[in-house]
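Engineer: Quick one: the structure is below, questions incoming.
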Amino acid sequence: MTPEAARQARAYGYVFQHAGLYPWRNLAGNVRLPLEIMGYPRNERAARVDHVLKLVELDGFQKKYPWQLSGGMQQRASIARALAFDADILLMDEPFGALDEIVRDHLNEQLLKLWQRTKKTIVFVTHSIPEAVYLSTKIIVMSPRPGRITTIIDNPLPRKRPFGNPRHA
Amino acid sequence: MINRFLPILVMLAGLLVLWYLAVAPMNLRGGLDYAERQGAAVTPATASARRDANLLILLVQNRQFIGYAYALERPALPTPNQVLGEFWKTTGAMVMRGRAWSKRSLIYHGWLTMKTTLFGFALGGVIGMFGAIAMVYSRVAAMSLMPWAIISQTIPIVALAPMIIVLSGQLGIESREVPKAIISAYLCFFPVLVGMIKGLRAPEDSQLDLLKTYNATGLASFLKLRLPASAPFLFTSLKIGIAAALVGTIVGELPTGAISGLGARLLIGDQFGTPLAIWSALLAAAILAGALVTLIDMLQKIVLNRMGMYR
Amino acid sequence: MWVFWVICIWFGAWGLNIWLTSKRFAAAPILAPLVLGATMLVLWEIVVAGLGLSAVILPAPSAIFLRFGAELDLLWGDFNQTVIKGALRGFAIGVSAALLCALAIDRSRFLTKGLLPIGNFIAAMPIIGIAPIMVNWFGFDWQSKAAVVVIMVFFPILVNTTQGLQASHAIHRDLMKTYGASYWQVLCAMRLPSALPFIFNGLKISATLALIGAIVAEYFGSPTRGMGFRISTGVGRLDMDLVWAEIFVAALVGTGFYGAVTLAERYFTFWHPSQRNR
């Protein structure tokens, strides 16, 4: 499958380094955006929006605008936006890179829970080795410029990982 | 370079072609009237019948007379070369005959308009800059004056213009320049004020704090930080300001029987029904506007270069 | 004696404003300019009376307001002719034409690169000068005034909209790409909203230009009504009360029009950083 075809088939959801929420839409509106573009029926949209906002623990913030929320909450909303339509794969490009350490650890913990609830394949790009180890089942190590795959490591950690600060896990 | 200018040149050429094409329908009826007077067999034969006829049909029926539409003495829409010809007649040709300062020369009128514009621009620029300094440093001034500065721009100055001219005449100001310069300054001070306020507030808190740690005086932090930081903003707004000053001058030259300046040329051309004079005065005004804005632009490049701020 | 009062009132009012603004009342941003405006009116009245200026030179504000009240019908007729027929129709036509034009040239990079600098250049020109030509083309009635307004408002809107349509963030564009959105979806959901602050910028410039254009065009010929006509004939007959009453109307209209655009801006671009926390 070519990248273009994958895009047309809406095969993946994408989470960027920055949340990239539209400031003129409230949270529900932002999460609804891909559903509108992909032509989901009107009555299905609201249910999906509420469902994914619950998944990322942002229930009750539907009417808030992105600029009224913290960076961590914005990033969670952008994950909800990527989950709203049923993409097969979730691509996350350093999604928590711009956030501070504490928020980042917390979001990583939540991401693991989310992964266990949704059972989606997630491709997660990071520069942090602890983050990679904590989150993954399989780690692909790439070389800098030119980007080539150097090693593929299967992560032996059990699927149920203790919650808490991942650095002490 | 080619990448930047090619699209502009193509568009300009396209606009010029459109202009030439538009001349035929715009001047057709006048051209046919003229052809009829010359004894040509025009269909339909009378001017009143032509007035009722559809323009397109008229154009097709009389295609052999289209040339007349391009050679009228008083066209509704002159061709670009007619405009250029008239412009040359009232500028370059007069210079060659040594009559550049004749009252019929556009150089004379353009010079007067430019002088007033620069006068008004200086006045408006100074008011704008000092107003901005006052408003940045005084809360009272900012709160009480700013709304009125905004309202002053929403009042159409052209309504006030005749009043300003009469009033300054009654107060014994003989010069015709002064009221025009006031109108010009009225339009020009606002963009300068807004740009300068933005510029003076551009330094970040950390930069201001740094100067505080040096125990710098208010004057020093103004001269060394706020003023230089405002320079790029100032020049951008000066460009808008000088264009506005020119509009103000031209508007000031319109009413109460002014006889000199490009605005007065427009009015006189209108009263005497000589469209070519109007168009060439417009061309002169456009050239003047372009020159003045370019002048400020060059000044901006030089000053910002010296200050190491040019991007 | 009156000079003393002028000085007293001026410093009294300024002192009042210093007190108002230093106390950080919520209403200070509204009260302070009102105090200043009222002071100026009172001073104007006193100076006119004190210098014994004749109404031919400068009428007192009270005389202007009395005349305003007495000539409501006439002023309404002029307002209708100049503002509603000339300025507003021209504004509506010019703005819609510029928006459609901006959307059209935005589809081609070549057109944008060619027309944007030309539009910028023309926007700096004294376009007002085409008024006599428009009167020649479209006659003395409101059509010629609307035509001047159309051309005057066209370029600021065109330039601002074109720039606004190019102003979206890269990340916002990338997101639309990952959804495989169509041109119109991208336009409606992302590019138009992010262009709105720019469009309103153009609208605010155009709002003041519209009135200027409509009034100036009347200097070059108009039916026997209209604000510009009334002002130029009033000045000729030294009927200054009426001229000032007409200026008062122009000020009200100009401020009201600008205020309406500003309110619309606040409503539609509440999310923009410049509109938050107000």
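Any read-out appearing in this document is the output of simple, stated calculations on the displayed coordinates, not a laboratory observation. What you are looking at is a predicted structure, and each value in this text was computed from that prediction instead of being measured. Virtual Cβ from ideal backbone geometry, glycine too; neighbours counted across all protein chains shown.
Engineer: Evaluate E = 1/(1 + (r/R0)^6) for B:A40 and C:R225, where r is the Cβ-Cβ distance and R0 equals 51 Å; express this FRET efficiency to the nearest 0.05.
Structural biologist: E between B:A40 and C:R225, to the nearest 0.05, is 0.75.
Engineer: Related question: How compact and how long is the range B:120-171, expressed as Rg and Dmax of its alpha-carbon atoms in Å?
Structural biologist: 13.6, 37
Engineer: Report D for the protein assembly as shown in µm² per second (integer): Stokes-Einstein, Kirkwood Rh on Cα pairs, 20 °C, 1.002 mPa s.
Structural biologist: Translational D for this selection: 70 µm²/s.
Engineer: I'd like the Karplus ³J(HN,Hα) series for the range C:120-125: coefficients 6.51, -1.76, 1.60, θ = phi - 60°, whole numbers in Hz, and an x wherever there's a Gly or Pro.
Structural biologist: Result, rounded to whole Hz: 4, 5, 5, 4, 8, 7.
Engineer: Could you compute how fast the range A:3-168 diffuses translationally, taking Rh as the Kirkwood radius over C-alpha pairs and applying Stokes-Einstein at 4 °C with viscosity 1.567 mPa s? Give it in µm² per second.
Structural biologist: Rounded to a whole number, D works out at 77 µm²/s.
Engineer: Here's something else I'd like to know. Note the full-extension length gain between B:L167 and B:I8 as 0.36 nm times their separation in residues minus their Cα-Cα distance, in nm to one decimal.
Structural biologist: Here the segment from B:L167 to B:I8 would lengthen by 52.6 nm.
Engineer: If you don't mind, there's one more thing I want to ask. Any idea what the relative contact order of the range B:57-189 is, in percent, if you count C-alpha pairs under 8 Å spaced at least 6 apart?
Structural biologist: 27 percent
Engineer: Just to be sure I follow the rule: in the range B:106-306, considering lysines 8 or more places apart or on different chains, how many pairs have Cα atoms under 25 Å apart?
Structural biologist: 12
Engineer: Please report, in debye to the nearest 20, how large the charge dipole of the protein assembly as shown is about its Cα centre when each Lys and Arg carries +1 at its beta carbon and each Asp and Glu carries -1 there.
Structural biologist: 1740 debye
Engineer: Work out from phi, with θ = phi - 60° and the Karplus expression 6.51 cos²θ - 1.76 cosθ + 1.60, the ³J(HN,Hα) of each residue of the range A:88-95, listed in order in whole Hz, and give x for Gly and Pro.
Structural biologist: 6, 10, 10, 9, 10, 9, 6, x
Engineer: Going down the list C:K85/C:K204; A:K63/A:K119; A:K138/A:K160, which pairs span over 22 Å between their C-alpha atoms?
Structural biologist: From the list (C:K85/C:K204; A:K63/A:K119; A:K138/A:K160), the Cα-Cα distance tops 22 Å for A:K63/A:K119.
Engineer: What value, in deg cm²/dmol to 500, does the helix sum -39500 (n - 2.57) over DSSP H runs of n ≥ 4 give at 222 nm once divided by the residues of chain B?
Structural biologist: That calculation yields -25000 deg cm²/dmol at 222 nm.
Engineer: On a 0 to 90° scale, report how tilted helix A:42-55 is relative to the longest principal axis of chain A, with both axes built from alpha carbons and the result rounded to the nearest 10.
Structural biologist: Value to nearest ten degrees: 40.
Engineer: Note the angle between two axes, namely the Cα long axis of helix C:240-268 and the longest principal axis of the Cα atoms of chain C, as a number of degrees from 0 to 90, rounded to the nearest 10.
Structural biologist: Orientation of helix C:240-268: about 30 degrees from the principal axis.
Engineer: Below 8 Å, C-alpha to C-alpha, sequence gap of six or more: please give me the relative contact order for the range C:2-52 in percent.
Structural biologist: Value for the range C:2-52: 54 percent.
Engineer: To continue, here is another question. Assuming R0 = 60 Å, can you tell me the calculated FRET efficiency for the pair C:L263 and A:I129, based on Cβ-Cβ distance, to the nearest 0.05?
Structural biologist: In this case the efficiency is close to 0.65.
Engineer: Could you work out the helix-only [θ] at 222 nm for chain C, with each DSSP H run of four or more residues adding -39,500 (n - 2.57) and the total divided by the number of residues, to the nearest 500 deg cm²/dmol?
Structural biologist: Only helices count here, giving -25000 deg cm²/dmol.
Engineer: Something else about it: Of the options B:A291, A:L33, A:A98, report the single residue whose Cα projects farthest towards the positive end of the charge dipole of the protein assembly as shown (beta-carbon charges: Lys, Arg +1; Asp, Glu -1).
Structural biologist: A:A98
Engineer: Percent of Cα-Cα pairs per 10 Å bin, from 0 to the last occupied bin, for the range B:52-104, please list those.
Structural biologist: Bin by bin from 0 Å, the calculated values are 21, 33, 24, 12, 10.
Engineer: Which aspartates and glutamates, if any, have their Cα less than 20 Å from the Cα of A:K120, not counting same-chain residues under 8 positions apart?
Structural biologist: Candidates past the 8-residue exclusion: A:D50, A:E57, A:D86, A:D88, A:D93, A:E94, A:E109, A:E131, A:D154.
Engineer: Additional query: Treating only the Cβ atoms of Lys and Arg (+1) and Asp and Glu (-1) as charged, compute the dipole magnitude of chain A about its Cα centre; round to the nearest 20 debye.
Structural biologist: For this selection, approximately 320 debye.
Engineer: Enumerate by residue number the GluC sites (Glu not before Pro) in the range B:163-217 meeting two conditions: DSSP loop (anything except H, G, I, E, B), and at most 13 other Cβ atoms within 10 Å of the site's Cβ.
Structural biologist: Qualifying residues, ordered by number: B:E174, B:E204.
Engineer: A follow-up question, please. Long-range amide H contacts for B:I173: which residues qualify at under 5 Å (H placed 1.01 Å from N, peptide plane, sequence gap of 5 or more or a different chain)?
Structural biologist: none
Engineer: Two-decimal Rg/Rh of chain B from alpha-carbon positions, Kirkwood Rh?
Structural biologist: Here the Rg-to-Rh quotient is 1.11.
Engineer: Follow-up. Report the one residue of C:F25, C:N80, C:G50 whose Cα lies farthest in the direction of the positive end of the charge dipole of chain C (charges on C-beta: Lys and Arg +1, Asp and Glu -1; origin at the Cα centre).
Structural biologist: It is C:F25, whose Cα lies furthest towards the positive end.
Engineer: So if we plug the beta-carbon distance of A:R117 and A:E94 into 1/(1 + (r/R0)^6) with R0 = 25 Å, what FRET efficiency do we get, rounded to 0.05?
Structural biologist: Once rounded, the FRET efficiency stands at 0.65.
Engineer: Of B:L18, B:M163, A:L135, which is farthest along the charge dipole of the protein assembly as shown in the positive direction, counting Lys and Arg as +1 and Asp and Glu as -1 at C-beta?
Structural biologist: Result: A:L135.
Engineer: Report, in debye and to the nearest 20, how large the dipole of the range B:23-90 comes out about its Cα centre when Lys and Arg carry +1 and Asp and Glu carry -1 on their Cβ.
Structural biologist: 40 debye
Engineer: To the nearest 10 degrees, how steeply does helix B:262-271 sit against the main Cα axis of chain B, on a 0 to 90 scale?
Structural biologist: 30 degrees
Engineer: Here is a further query. In µm²/s, what is D for the range C:68-275 at 4 °C and 1.567 mPa s, where D = kT/(6 pi eta Rh) by Stokes-Einstein and Rh is the Kirkwood radius from Cα pairs?
Structural biologist: Answer, rounded: 70 µm²/s.
Engineer: Beyond 14 Å, what share of the Cα-Cα pairs of the range C:2-52 is found? Please give it as a whole percent.
Structural biologist: Across the range C:2-52, Cα pairs with separations above 14 Å total 53 percent.
Engineer: Exactly which trypsin sites (Lys or Arg not before Pro) in the range C:184-251 are in a DSSP loop and have at most 11 other Cβ atoms within 10 Å?
Structural biologist: Hits after loop and neighbour filter: C:R237.
Engineer: Still on this structure, I have one more. Under the Karplus relation 6.51 cos²θ - 1.76 cosθ + 1.60, θ = phi - 60°, what is the ordered set of whole-Hz ³J(HN,Hα) values for the range B:277-288, x standing for Gly and Pro?
Structural biologist: Running phi through 6.51 cos²θ - 1.76 cosθ + 1.60 with θ = phi - 60° gives 5, 4, 5, 6, 5, 4, 4, 4, 4, 5, 4, 4 Hz.
Engineer: Restricting to Cα pairs below 8 Å that are 6+ residues apart, what does the relative contact order work out to for the range B:2-77? Please round to a whole percent.
Structural biologist: 42 percent
Engineer: Over all directions, how big on average is the projection of the convex hull of the alpha-carbon atoms in the range C:136-259, in square nanometres?
Structural biologist: 9.5 nm²
Engineer: Right, here's the next one. Can you list residues whose amide H is under 5 Å from A:M92's amide H, if they're 5+ apart or on another chain and H is modeled 1.01 Å from N?
Structural biologist: HN-HN under 5 Å from A:M92: A:V15, A:V123, A:F124, A:V125.
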